Amino acid sequence: MQQWNERFPRLAQLHFAQWCYLLATVFLFLYLLLGLNNTVLAQIGAVLLLLATAKEMWQRFAIWWHSLLGKACILIFYAIVLNFSFAYAESIVNGVIGVRPDVVPYSVNLAALLLAPAWTLIGSMLTLQFYSMLHLLKVMLLLMLRPLGVPSKHLLDDEEFPVWTLMARIIYLPVVTMILILTLFSYFSGHPEQFLNWGETTQQQNTPESLQKQLEEIKKREAELQHQQPKGPHSKVPEFQIFIDDGYLMGNSGFKLPTMLWLNKLVASFNYHVESLSASSCKLTPPEHLVHINDYEVLVVTPDATQPVGYSYKVRVCDSPAFPFGVTGRALVPAPLTDQ
């Protein structure tokens, strides 16, 4: 190790992120030279780029945290992520159970915890774009100030090979962005293997059989749209949509997160096995579970294999000794005695 440091003193001064950029470049060159079939090299390069980006972002995060303005920006960022996570979690739970989500607060908290990584990743992507634009501005200033004789070393970081490192950050920005998008899509779809086998998945999608199947699905979708589209001058233009798995991401109406079927199933299972009641004063027939909505109504949860989430939900009146007339939800109260 000492001989290596003596022979290559500048390479010995490289920090962790620079080594990740260097090794990622080597693996990506090998991936291009040895053929596109060897996806392991591309996967290793992608992981190294993510590690380099995470290391540099963490260093900036630590610097910002030690300033008052940086703490304010970080807290605002996490407040935005928390707000979106809870809002979308309540929307998901409401879509699953069919009633207001405040009757199952623990299911909402579970959904919010599972949605927080996705919203954090989206916020990190936006922050990465802003951070990279600052580096691009630094390069432009560097190129503009050098012909004027103005020293520009203060624009670069105090590290070995600062120009090459800055160029690597800018060149790999689209690559890291695409990796983060693939990671986000794999999280939404609930298939993490899509990120690990992204190269193989792309090759499988480019086979003649898969292309023919996709062409048939496109023609079928176009035929359905033409059949559903009304004739006449006031006919509406069919909505443009980008589909991914079991939901769509974007359309004419704007941005919309896809339906996360795995999260819906997990919320429904948690609600049935953990949060709902298996025994209650209201009349209950196994395997039914229930959640109290108010003094008169209950939400009955029943396992149902025909439903997409595996459970069916129904609101009915609580039939209990306190309210023996379950049809009306009110007990018979005797009339008060009056003097004749």
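Structure data summary
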read-out: Boolean, TYR88 is surrounded by fewer than 19 Cβ atoms within 10 Å (Cβ to Cβ), in contact with a Leu (Cβ under 7 Å, 6 or more places away or on another chain) and of a type in the set (Phe, Trp, Tyr); value: yes
read-out: Identity of the residue in region 296-314, open to solvent by 50 Å² or more (accessible area, probe 1.4 Å) and without any contact (Cβ under 8 Å) to a residue 12 or more places away in the chain, that ends up nearest to VAL103 (Cα to Cα); value: GLN307
read-out: Which listed residue is at pLDDT 90 or above, in a helix (DSSP H, G or I) and more than 18 Å from the chain's Cα centre (by Cα), from LEU28, LEU48, LEU33; value: LEU48
read-out: Positions within region 20-57 being among the aliphatic types (A, V, I, L, M) and open to solvent by less than 40 Å² (accessible area, probe 1.4 Å), in sequence order; value: ALA24, LEU41, ALA42, ALA46, LEU48, LEU49, ALA52
read-out: Residues satisfying the stated conditions in region 110-137, i.e. aromatic (Phe, Trp, Tyr) and within 14 Å of ALA79 (Cα to Cα); value: TRP119
read-out: Selection count, region 60-85, where residues are open to solvent by 20 Å² or more (accessible area, probe 1.4 Å), in contact (Cβ under 8 Å) with a residue 12 or more places away in the chain and under 27 Å from GLU159 (Cα atoms); value: 2
read-out: Index of the failed condition, SER85 passing every other in (1) farther than 30 Å from VAL298 by Cβ; (2) of a type outside the set (Phe, Trp, Tyr); (3) in a helix (DSSP H, G or I); value: (1)
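The values are calculated or read from the model by the stated rules, or taken from the named source; none is laboratory data. Worth saying up front: this structure is predicted, and the values here are computed from it rather than measured. Neighbour counts are summed over all protein chains in view; Cβ atoms, including those assigned to glycine, are modelled from backbone coordinates with ideal geometry. Remember, those area values only see protein heavy atoms, side chains included, never the ligands or the DNA or RNA. Shrake-Rupley method; radii C 1.70, N 1.55, O 1.52, S 1.80 Å.
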